[in-house]
Amino acid sequence: MAAAEVELDPKRDRLVIVASTLGTVFEWYDFFVYGTLASIVAGHFFPSDNPAVSFLIFLASFGVGFGMRPLGAVLFGVLGDKLGRKYTFLVTIALMGAATAAVGVLPTYETIGVAAPILLVICRILQGLALGGEYGGAAIYVAEHAPPGRRGFYTSFIQSGVVGGFLLSLAVVLASNLFVDAEAFAAWGWRIPFLFSLVLLAVSLWVRLKLKESPVFKAMKDSGEIAENPLRESFDSWPKVKMILVALFGIAAGLTVIWYTAQFQALYFLQSSLRLEDNAARLIVGGAALFSLFWFILFGWLSDRIGRRKPILIGYALTLVLMFPLFHGMAAVANPELTAAMERAPVVVTGSDCSFDPFAKEQATACGKVLDALSKKGIAYTKVEGAAGAPPAVTIGSKPVDASDVVSLEAGLAEAGYKLDKIVPTTANALKIVFFITVIGFLSGMTYGPVAALLVELFPARVRYTSMSVPYHIGTGYFGGFLPFISQYIVARTGDPFAGLWYTIGAVAMALVVSLLWLPETAGKELE
């Protein structure tokens, strides 16, 4: 069926967009609430004497869900190409809702020991499988209903649904905090946002059951053109494989690391490195995400007029130029006293063996123990090679401090103006932080807004669900899913709160080169 043959029905199209977008919001809510509550839930399932270790292991489990997304893409992609778009994404949302609610009733490590984190990881695996089938189904369903010349605009609402899920997760967490005091929320109130997913699941199923099958899939089914083996057919020629590789390394990897940098890396940067109070940081990131919703729709609409390729390439290039200045801008206004102390009195650790393993229960060397103490406090530091065999030395500004004594180290930091208590920024400074994160959201909108339409247009209808889902979820699952863990690990190893951004820069640089050389323009293409 050609795009021009799709029957125009505004009422139906509105229902299609609303139902698909709401489902995407609710499903991403389920996924993001896990990351939003990282700092609290980590201690219940991965306890450690070092909070940084608990946090890193928790982020690794967060990545496990993303790591399972490619398998979900294969499983549900094949089902979507053989059985239909509608019923496949009904199954994915039911699985996601059930797995998320299960996290809300899991016993903790304190109750059942090592079985608790195992059960949590199993829930993450189920969430990852479900999410692997959701995005492709929703994007294809909307695109195959869209009239010619409006495919980018229609599918941009699916993209904004991802932001909506993040916003909803923040809103529910903040609302739960209003009804449960901080101590109770840390003890058991964190379960409320997970259990709330049952309400969202009911709404999602009710709305999606009102939908009919995609007209493109129905036409293929009526004419007997359904693929027998969608997975094999997706990889049966070099041109198909090439497009899958371009979608993976040029599209999915690049757009995802920008989006996750704007949300999770910014959140953890504010909470850990800049010592902002947790709810204040969530409100700031949530406010920026709210403002950023517009960018996804704007660039989806714009891609119908100027093409999909151009805004993506420009967005990648601007990201390489602006990412470090934007995070330095956040640091300057989020906690000015701490930032000033780091500039005025930088911490320098001198030693001959300064190996540091963030996961080790106890560091093997004296210098490693100093770095461990600084890491626990979120203090930026610089390492300098010392004389062989000499004990480690610490200077704060120009003043030496006894490196073997934690009390002396803390006293030296305090004297140098390092105020490590959590703070709430002034309203003026909070708005400035929102501005910086909104600019990152603008870059994300440029690279993410046109992508659903582009991916649908890259692949033939017979294998569209499989062909677009597999590269998208490998790219987002591995490049994006492990970004919080990798970036925070780099920060912990280097002592530089900005060092984690190099991961983002590297992935975006790769995506820019691949897209510049091999990504075709697809705007205006008819869907057969």
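See the values below:
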| read-out | value |
| --- | --- |
| Footprinting exposure proxy for 472, 87, 381 (fewest neighbouring C-beta atoms within 10 Å first) | 87, 381, 472 |
| Gain on full stretching of the segment that runs from residue 398 to residue 414 - 0.36 nm per residue minus C-alpha separation | 4.3 nm |
| Net length gained if the chain between residue 405 and residue 317 were fully extended (0.36 nm per residue, minus Cα distance) | 27.0 nm |
| Summed side-chain charge close to residue 401 - residues other than residue 401 whose Cβ falls under 11 Å, Lys, Arg +1, Asp, Glu -1 | -3 |
| Separation between Cα centres of the stretch 198-229 and the stretch 321-359, rounded to whole Å | 50 Å |
| Estimated distance in nm for a label pair at residue 238 and residue 513, the labels positioned 7 Å out from Cα along Cα-to-Cβ | 2.1 nm |
| The stretch 338-415 - share of DSSP beta bridges that are antiparallel (%, nearest 5) | 60 percent |
| Helix 501-518 vs. the chain, principal-axis angle (Cα, 0 to 90°, nearest 10) | 30 degrees |
| Counted charge near residue 455, where neighbours are those whose Cβ lies closer than 13 Å (Asp, Glu -1; Lys, Arg +1) | +3 |
| Unpaired by the 4.7 Å Cβ criterion, cysteines found in the chain | 123 |
| Ordering of 89-98, 188-197 by burial proxy (mean other Cβ atoms within 10 Å per residue, highest first) | 89-98, 188-197 |
| Environment charge of residue 177, counting only residues whose C-beta is closer than 14 Å and scoring Lys/Arg +1, Asp/Glu -1 | -2 |
| Spacing of the two label points (7 Å from each Cα toward its C-beta) at residue 182 and residue 499, in nm | 3.0 nm |
| Contour excess over end-to-end distance, with Cα ends at residue 199 and residue 12 and 0.36 nm allotted per residue | 64.8 nm |
| Expected 222 nm ellipticity per residue - DSSP helices of 4 or more, -39500 (n - 2.57), all of the chain, to 500 | -21500 deg cm²/dmol |
| When each of 210/240; 369/432; 86/242 is checked by Cα-Cα distance, pairs over 32 Å | 210/240; 369/432 |
| Tilt relative to the chain, helix 483-494 - C-alpha long axis, 0 to 90 degrees, to 10 | 20 degrees |
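Each value in this text was obtained by applying a stated rule to the coordinates, not by laboratory testing. In this text, all values refer to a predicted model and were calculated from it rather than measured experimentally. Cβ: placed from backbone, ideal geometry, glycine included. Neighbour counts: every protein chain shown.
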